[in-house]
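Asker: Please find one structure pasted underneath; my questions will follow.
Quick note: the coordinates plus some simple rules give every number you see, no bench work behind them. From a predicted model like this one, the values you see are computed outputs, not experimental measurements. No Cβ is skipped: glycine too gets one built from the backbone with ideal geometry, and neighbour counts run over all protein chains shown.
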Amino acid sequence: MKKYNEEHKLVTTTLCQLGKNIMSLKEEELALLHNTINLLEPFEEATKEMTSEKMTFLSKVILMVRGIQEFINLANAMKPQIT
């Protein structure tokens, strides 16, 4: 997803040149992609942190879980209402 996000303009330009612009992401889909990337970021960071060492201590796991829970709670509080 990150790679597509980085290359979105190039992909869209290429699809338009090939006459397949119908395959391009719409603005709503692109916004969803951005939101998804932002929501998954803490999970990616936690995964990298947990796998960076041979052994992970429970104290580190607890801190990571609490951090992710706080992030999810904040994201839920800030999410726009879906109609």
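Asker: With a Förster radius of 25 Å, plug the Cβ-Cβ distance of Leu32 and Ile68 into 1/(1 + (r/R0)^6) and report the FRET value to the nearest 0.05.
Answerer: 0.75
Asker: Within the range 16-83, report the GluC sites (Glu not before Pro) that DSSP leaves as loop and that have at most 16 other Cβ atoms within 10 Å.
Answerer: Those satisfying the criteria are Glu53.
Asker: Based only on the alpha carbon positions, what is the Kirkwood hydrodynamic radius of the chain, in angstrom?
Answerer: 15.5
Asker: Still on this structure: List the residue ranges in the chain for DSSP H helices whose C-alpha atoms run 18 angstrom or more along the long axis and whose Kyte-Doolittle average is 0.5 or above.
Answerer: Correct list, ordered by number: 58-78.
Asker: Let me ask you something else. Residues with amide H under 5 Å of Ser24's amide H, sequence separation 5 or more or different chain, H placed in the peptide plane at 1.01 Å from N; which?
Answerer: Answer set, sorted by chain and number: none.
Asker: Which of the trypsin sites (Lys or Arg not before Pro) found in the range 4-33 are loop residues per DSSP with 14 or fewer other Cβ atoms within 10 Å of their Cβ?
Answerer: Lys20, Lys26
Asker: May I ask you to list the trypsin sites (Lys or Arg not before Pro) in the range 34-65 that are in a DSSP loop and have at most 10 other Cβ atoms within 10 Å of their Cβ?
Answerer: Within the range 34-65, the qualifying trypsin sites (Lys or Arg not before Pro) (loop, at most 10 other Cβ atoms within 10 Å) are Lys54.
Asker: Now, a different point. Calculate for the chain the 222 nm mean residue ellipticity that helices alone would give, adding -39,500 (n - 2.57) per DSSP H run of length 4 or more and normalising by residue count, nearest 500 deg cm²/dmol.
Answerer: So the calculated ellipticity at 222 nm is -26000 deg cm²/dmol.
Asker: Taking the Cβ-Cβ separation of Lys3 and Phe57 as r and a Förster radius of 30 Å, what is the calculated FRET efficiency to the nearest 0.05?
Answerer: Step by step, r from the Cβ atoms, then E = 0.35.
Asker: What distance in nm lies between label points placed 7 Å from Cα along the C-beta direction at Lys79 and Thr13?
Answerer: It is 3.5 nm.
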